[in-house]
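S.K.: Just dropping this structure here.
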Amino acid sequence: MDFMINEILPFMKNHPILSIGWVALLVMIIVLTIKSKLSKVKIISNAQLIQMINKENGIVVDVRSADNFKNGHITESLNILPIDIKNGSIKALEKYKETPLIIVDDNGLSANSIGEMLYKQGFTKVFTLKDGLAGWNGENLPLVRK
């Protein structure tokens, strides 16, 4: 252990910008991990999504653009834009306050913040699909195309 400390300290002294970058990355990873653990919106896998649809009548909310939605979406999903969720213009979802809602975006990056908005609007069971539609497509799962 002393050997590692004897190596790290000179490295940090000789490369301060790189060292600050690594510390910043470490802090961001820790913060994001804690934030995701405390979040009311949980990330689920493709298999869990299928199970929620089949056993709990889960509703898939696709937050991608209308064009992307037409090019391929999960069966029976609703296409609702993030701006409509942000503005509370979601009459199509009002009857699903107690139903599992699974938010799907392109790659899973923006779905969590959209899910948090829905949770704050009174939806109690909000989930996001890990890796979004890209992950769904990557496993060759079926898509509806219009």
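S.K.: Return a yes/no flag: does the range 37-47 have any residue that is modelled with pLDDT of 95 or more, assigned to a helix (DSSP H, G or I) and either surrounded by fewer than 18 Cβ atoms within 10 Å (Cβ to Cβ) or hydrophobic (A, V, I, L, M, F, W, C) (or both).
M.R.: Yes: one or more hits.
S.K.: Just one of L118, L78, L93 is within 19 Å of M52 (Cβ to Cβ) and buried (at least 21 other Cβ atoms within 10 Å of the Cβ); which is it? Walk me through how you get there before you give the answer.
M.R.: Numbers: L78 fails: buried (at least 21 other Cβ atoms within 10 Å of the Cβ); L93 fails: buried (at least 21 other Cβ atoms within 10 Å of the Cβ).
So the residue among L118, L78, L93 that is within 19 Å of M52 (Cβ to Cβ) and buried (at least 21 other Cβ atoms within 10 Å of the Cβ) is L118.
S.K.: In addition: Here is a list of conditions, (1) more than 13 Å from the chain's Cα centre (by Cα); (2) at pLDDT below 90, and P16 meets all of them except one; can you say which number that is?
M.R.: Of everything listed in (1) more than 13 Å from the chain's Cα centre (by Cα); (2) at pLDDT below 90, P16 misses just condition (2).
S.K.: On to the next question. Please count how many residues of the range 48-64 are more than 16 Å from N112 (Cβ to Cβ), surrounded by 13 or more Cβ atoms within 10 Å (Cβ to Cβ) and not β-branched (V, I, T).
M.R.: Looking only at that region, the number is 3.
S.K.: Checking L18 against (1) out of contact with any Leu (no Cβ under 8 Å at 6 or more places or on another chain); (2) farther than 21 Å from I90 by Cα; (3) surrounded by 14 or more Cβ atoms within 10 Å (Cβ to Cβ), which single condition isn't satisfied?
M.R.: Of everything listed in (1) out of contact with any Leu (no Cβ under 8 Å at 6 or more places or on another chain); (2) farther than 21 Å from I90 by Cα; (3) surrounded by 14 or more Cβ atoms within 10 Å (Cβ to Cβ), L18 misses just condition (3).
The values are calculated or read from the model by the stated rules, or taken from the named source; none is laboratory data. Note that the coordinates shown come from a computational prediction; the quantities given were computed from them, not determined experimentally. Here Cβ is always computed from backbone atoms with ideal geometry, including for glycine, and neighbour counts include all displayed protein chains.
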